[in-house]
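The values are calculated or read from the model by the stated rules, or taken from the named source; none is laboratory data. Just so it is clear, the structure is predicted and the values come from calculations on it, not from any experiment. All Cβ positions, glycine included, derive from the backbone under ideal geometry; neighbour counts span all protein chains shown. Areas reflect the complete protein model, heavy atoms only, side chains present, ligands, DNA and RNA absent. Shrake-Rupley method; radii C 1.70, N 1.55, O 1.52, S 1.80 Å.
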Amino acid sequence: MITLTKKLPNNLDLIILPVFADQDFVASLKPLVKDAGLLNLVKQDYKNKFGTTYLVYPNTDECQRLLLVGLGKKSLFSQAAWRQAIQTAVSACQNLGVENIGLVLPVIKKPDLASYLELTGFALTFGTYKFTYYKQEDSKEKKKTLENVYVLAKTTAVTLLKALEQGTNIGLAANNARDLANHPGNVATPTHLAAHATKLAKKYRFKIRVLNPAQIKKEGMGLLMGVSAGSDEPPRFIVMEYLPPGKKTLKQSQPIVLVGKGLTFDSGGISIKPSEKLEEMKYDMCGGATVLGIFEAVASMKLPIHLVGLVPASENLLSGKAVKPGDILRSHSGKTVEVINTDAEGRLILADAISYAKKHYDPQLIVDYATLTGAVVVALGSDYTGYFTNRASTFDSTIKQASKQSSELYWPLPLAPSYKDQLKSQTADIKNVAENSHAGSSTAALFLASFVGETPWIHLDIAGTAWNTRPKPHLPAGATGWGVYFTLNFLRQIK
Ligand code: BES
Ligand code: MG
Ligand code: ZN
């Protein structure tokens, strides 16, 4: 439970006290640490560096522990700094096993207060997430977890309460997306993704249709069928449609269509990947998980938009039935594709989904989320998603705002027309990889662009941001849910 309060209850297990680097933190500590000797020690020892925590045992009625967390310089304070500080502090709380805590809000300008409170709800929820499904019951990690967080603010107006609650809901949706992605490949199969989507649809009452292999084939999705050919797990094509409750008129409107790559394990296929870090390819369905997370958040918040979600779900494995380099597949759009490299499978299943979106809907915008290229990890690392669009002037400012509020970062990359020729095939309409690996993220995006045509489109290559190999103080190892909060902020501006 997260509560907004003007006065913290007594006897809390811990109080989180965020402090600016250029603030006299001793002054804000004084009311909570009455022992002058202890106060002096803290003053001597605490370095007040951004994103680091420091634990104090003040021996008072207010709380058993005080946790200082550095916010950095006041002039540089931002949503990103706040999100990181909270997640760091909460993660330290989880390690301590405390259950009832307080959080002191720093002074925030009034117009920004609701937005910061939403982020607070989000970061508190996101920060307490742990993936422990496969740990034995008695393992230390499962023992104690945060039960109650009291957020201390100067006012507790209804709008602020609402913001805190909405942030919590979005955080829960992001955590569910992380769960889905953290499950191993033998559990999170295409069938499992579809079952999860069906559960969400029942709970939040949005429309869903799951296509089985026969239906996928009948629909003409030769690329999705081709990618799944080498696997014993049947593919699924998940179609979700959300309309706000009671707004039937929107039925005729142009929806925003979200497409998520749901590749539940990518071995590379016949163009097999090396073994190093191959286990991480269970995360190749993070784009699909993000779309499911967005649907959960949108539906739980009852946003007034018309949204369609498409998740092509498949494994990419090898067998006597697998697609081979040189094979030619007929796509849903009718375009034939020469498969040069079976490891460039994400763009294949996305192309069929994009074509499906164009045939069955009249999208005002298609947004796709995909762990598409290793090249984007080389170019941008693990903090920035690769952003491509054929309508920069329409979406750049909305995207920027969405990123600011969610602190999920991106960087624009080019849909360079001059590289298009590299996808020309001798035998088919197009081939799935370029002649060389230069600008690999751009050529992958260009492949998709050739199926998108003139429809407004945003492509987010989340190969670097979707999961974390090494834990950071504010982010555990595993799926990050990148895109759930980002997209919610985007969609709220579009409507
Ligand atoms: N799922 C991978 C991309 C990937 C690689 C994501 C590393 C996260 C970390 C994708 O299906 C893939 O294999 N792409 C190839 C494309 C290449 C064959 C043109 C790649 O990036 O190596
Ligand atoms: Mg691949
Ligand atoms: Zn892949």
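What single numbered condition from (1) at pLDDT 95 or above; (2) more than 25 Å from residue 403 (Cα to Cα) fails to hold for residue 86?
Among (1) at pLDDT 95 or above; (2) more than 25 Å from residue 403 (Cα to Cα), the lone unmet condition for residue 86 is (2).
Tally time: how many residues in region 163-191 are touching a residue at least 24 places away in the same chain (Cβ under 8 Å) and over 18 Å from residue 83 (Cα atoms)? Outline the logic, then answer.
Narrowing region 163-191 to residues touching a residue at least 24 places away in the same chain (Cβ under 8 Å): 163-185, 188-191.
Going one step further and asking which of them are over 18 Å from residue 83 (Cα atoms), we end up with 176-177, 179-185, 188-191.
Adding up the residues that qualify gives 13.
When you check residue 106 against the structure, is it in a loop (DSSP other than H, G, I, E, B), surrounded by 19 or more Cβ atoms within 10 Å (Cβ to Cβ) and in the same structural domain as residue 9 (by TED's automatic domain parsing), yes or no? Spell out the reasoning first.
Working: in a loop (DSSP other than H, G, I, E, B): yes; surrounded by 19 or more Cβ atoms within 10 Å (Cβ to Cβ): no; in the same structural domain as residue 9 (by TED's automatic domain parsing): yes.
Against the criterion (in a loop (DSSP other than H, G, I, E, B), surrounded by 19 or more Cβ atoms within 10 Å (Cβ to Cβ) and in the same structural domain as residue 9 (by TED's automatic domain parsing)), residue 106 does not qualify.
Just wondering, is there one or more residues in region 64-79 that are of a type outside the set (S, T, N, Q), in the same structural domain as residue 148 (by TED's automatic domain parsing) and in contact (Cβ under 8 Å) with a residue 60 or more places away in the chain?
Here is the first cut: in region 64-79, the residues of a type outside the set (S, T, N, Q) are 65-74, 76-77.
When the remaining residues are screened for being in the same structural domain as residue 148 (by TED's automatic domain parsing), the result is 65-74, 76-77.
Filter once more, so that each one left must be in contact (Cβ under 8 Å) with a residue 60 or more places away in the chain: none.
No, there is no match, as no residue in region 64-79 is of a type outside the set (S, T, N, Q), in the same structural domain as residue 148 (by TED's automatic domain parsing) and in contact (Cβ under 8 Å) with a residue 60 or more places away in the chain.
This table checks each residue for (1) open to solvent by 40 Å² or more (accessible area, probe 1.4 Å); (2) away from ligand 1 (no atom under 16 Å from the Cβ).
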| residue | (1), (2) |
| --- | --- |
| 240 | no, yes |
| 268 | no, no |
| 277 | yes, no |
| 283 | no, no |
| 314 | no, no |
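Which strands (runs of 3 or more DSSP E) sit wholly inside region 328-373 and have at least 2 residues that are open to solvent by 30 Å² or more (accessible area, probe 1.4 Å)?
Values: elements: 328-330, 336-338, 365-370.
In region 328-373, 328-330 are the strands (runs of 3 or more DSSP E) which contain 2 or more residues that are open to solvent by 30 Å² or more (accessible area, probe 1.4 Å).
Tell me yes or no: at least one residue of region 322-341 is under 22 Å from the mean Cα position of the chain (by Cα) and among the charged types (D, E, K, R). Break it down into steps so the answer makes sense when it comes.
Pass one, region 322-341, residues under 22 Å from the mean Cα position of the chain (by Cα): none.
No; the residues of region 322-341 include none that is under 22 Å from the mean Cα position of the chain (by Cα) and among the charged types (D, E, K, R).
Return yes or no: is residue 303 within 16 Å of ligand 2 (Cβ to nearest atom), aliphatic (A, V, I, L, M) and in a loop (DSSP other than H, G, I, E, B)? Spell out the reasoning first.
On the way: within 16 Å of ligand 2 (Cβ to nearest atom): no; aliphatic (A, V, I, L, M): yes; in a loop (DSSP other than H, G, I, E, B): yes.
Criteria not met by residue 303.
Here's the yes/no breakdown for (1) out of contact with any Cys (no Cβ under 6 Å at 6 or more places or on another chain); (2) over 30 Å from residue 222 (Cβ atoms); (3) not acidic (Asp, Glu):
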| residue | (1), (2), (3) |
| --- | --- |
| 393 | yes, yes, yes |
| 396 | yes, yes, no |
| 451 | yes, no, yes |
| 457 | yes, no, yes |
| 465 | yes, yes, yes |
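Would you confirm, using the coordinates I've provided, whether residue 224 is closer than 22 Å to residue 269 by Cβ, in the same structural domain as residue 451 (by TED's automatic domain parsing), part of a helix (DSSP H, G or I) and open to solvent by less than 30 Å² (accessible area, probe 1.4 Å)?
Values: closer than 22 Å to residue 269 by Cβ: yes; in the same structural domain as residue 451 (by TED's automatic domain parsing): yes; part of a helix (DSSP H, G or I): yes; open to solvent by less than 30 Å² (accessible area, probe 1.4 Å): yes.
Yes: the conditions hold for residue 224.
Taking the stated definitions as given, is residue 234 within 16 Å of ligand 2 (Cβ to nearest atom), in a loop (DSSP other than H, G, I, E, B), surrounded by fewer than 24 Cβ atoms within 10 Å (Cβ to Cβ) and without any contact (Cβ under 8 Å) to a residue 60 or more places away in the chain?
On the way: within 16 Å of ligand 2 (Cβ to nearest atom): no; in a loop (DSSP other than H, G, I, E, B): yes; surrounded by fewer than 24 Cβ atoms within 10 Å (Cβ to Cβ): yes; without any contact (Cβ under 8 Å) to a residue 60 or more places away in the chain: yes.
So residue 234 does not fit the description; no.
What single numbered condition from (1) open to solvent by less than 10 Å² (accessible area, probe 1.4 Å); (2) within 30 Å of residue 95 (Cβ to Cβ); (3) out of contact with any strand residue (DSSP E or B) (no Cβ under 7 Å at 6 or more places or on another chain) fails to hold for residue 443?
(2)
Residues of region 282-301 being under 18 Å from residue 315 (Cα atoms) and of a type in the set (Phe, Trp, Tyr), which ones?
Result: 283, single match.
So which of 272, 349 is within 16 Å of ligand 2 (Cβ to nearest atom), in contact with a Pro (Cβ under 7 Å, 6 or more places away or on another chain) and not acidic (Asp, Glu)? If you could, list the steps in order and put the result at the bottom.
On the way: 272 fails: in contact with a Pro (Cβ under 7 Å, 6 or more places away or on another chain).
From the options 272, 349, the qualifying one is 349.
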